[in-house]
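This report refers to the structure that appears directly beneath it.
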Amino acid sequence: MLSKAKTRWAMTQLYDLIPDAKGALIADSPFQLLIAVMLSAQATDVSVNKVTPQLFEHFPTPASFAAADLTAIEADIRSIGLYHNKAKHIRTCCQQLITDFGGEVPQTHAELEQLAGVGRKTANVVLGDAFNVPSFAVDTHVSRIAKRLTISAENASVRQIETDFQTKLPQKEWVQAHHTLILFGRQVCTARNPKCNQCPLLSICPAGQRILQERG
Ligand code: SF4
């Protein structure tokens, strides 16, 4: 497994390679970010950003979503994958925000994860990006990179990967590391044909060395 020191070294290389990485979802408030992150499951940030301006114009508050017909919410998010379930979750989530949290987005994992359609990853993104609470969200890119670099074991669960990064990186880096790894996964350490021969982490990456050997 990659040591704490080498994990930190790897992240400094990635901060240099991809400076100031940020989330790409457009949102003006914690509430809008929560809805945007819910929509982004199995959908691209670009596709979410295309539908949210009109969605938030039609439904500017938790109360407006809570009182809406599902078909009206669906009409605005129809181009997003799983839109039927997402509309249902968003409406129930907004009803919970009103009844349980005074219409505000809560700021703890436990409370966020009580909301319909909100899992650990969504809670981590909202906490980190909307409230500056140190948190580390694991998505498919982070998971792949963690295993390739042996930051986490090959069979590690999402929760274990989160713990591995939190143990190996200083708390103040967690949010930045998450965003940096996502862009690194999209641009360099892609699922297929990763650009290992251009990667600054090749010297410490068993998967990259194996991939290059196989390519000859
Ligand atoms: Fe990913 Fe290849 Fe870099 Fe390893 S060397 S981190 S597999 S791009």
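Some observations on this one:
- Counting neighbouring beta carbons within 10 Å and listing from fewest to most, the residues Met1, Met38 come out as Met1, Met38.
- Ascending count of other beta-carbon atoms within 10 Å, so fewest first, for His58, His178, His141: His58, His141, His178
- Helix 158-168 vs. the chain, principal-axis angle (Cα, 0 to 90°, nearest 10): 60 degrees
- Contour minus Cα-Cα distance for Asn155 and Lys50 (0.36 nm per residue): 34.2 nm
- A straight chain from Thr163 to Asn197 at 0.36 nm per residue would run longer than the Cα-Cα distance by 9.3 nm.
- Among Gly117, Gly128, Gly102, the largest mean-square fluctuation in a Gaussian network model of the chain, built with springs joining Cα atoms closer than 10 Å, belongs to Gly102.
- Of every Cα-Cα pair in the chain, the percent that sits beyond 24 Å: 46 percent
- Among Thr12, Thr99, Thr61: highest mean-square fluctuation, GNM of the chain, C-alpha pairs under 10 Å: Thr99
- Principal-axis tilt of helix 206-215 within the chain, Cα atoms, nearest 10 degrees: 70 degrees
- Nitroxide proxy distance, nm - points 7 Å out along Cα→Cβ at Asp28 and Ala63: 1.7 nm
- Candidates Val118, Val37, Val46: whichever shows maximal mean-square fluctuation once the chain is modelled as a Gaussian network with Cα springs under 10 Å: Val46
- In this rough spin-label picture, where each label sits 7 Å from Cα along the Cβ direction, the Arg210-Met1 distance is 1.8 nm.
- Convex hull of the stretch 30-131 built on C-alpha atoms - directionally averaged projected area, nm²: 5.5 nm²
- Rounded to the nearest Hz, the phi-derived 3J(HN,Hα) couplings of the stretch 65-74 under the Karplus curve 6.51 cos²θ - 1.76 cosθ + 1.60 (θ = phi - 60°) are 5, 4, 9, 7, 6, 4, 5, 6, 5, 4, where x marks glycine and proline.
Rule-based calculations on the coordinates, nothing more; no lab input. Treat the numbers as computed from the prediction; the structure is a model and nothing was measured. Here the Cβ is made from the backbone with ideal geometry for all residues, glycine too, and neighbour counts use every protein chain on show.
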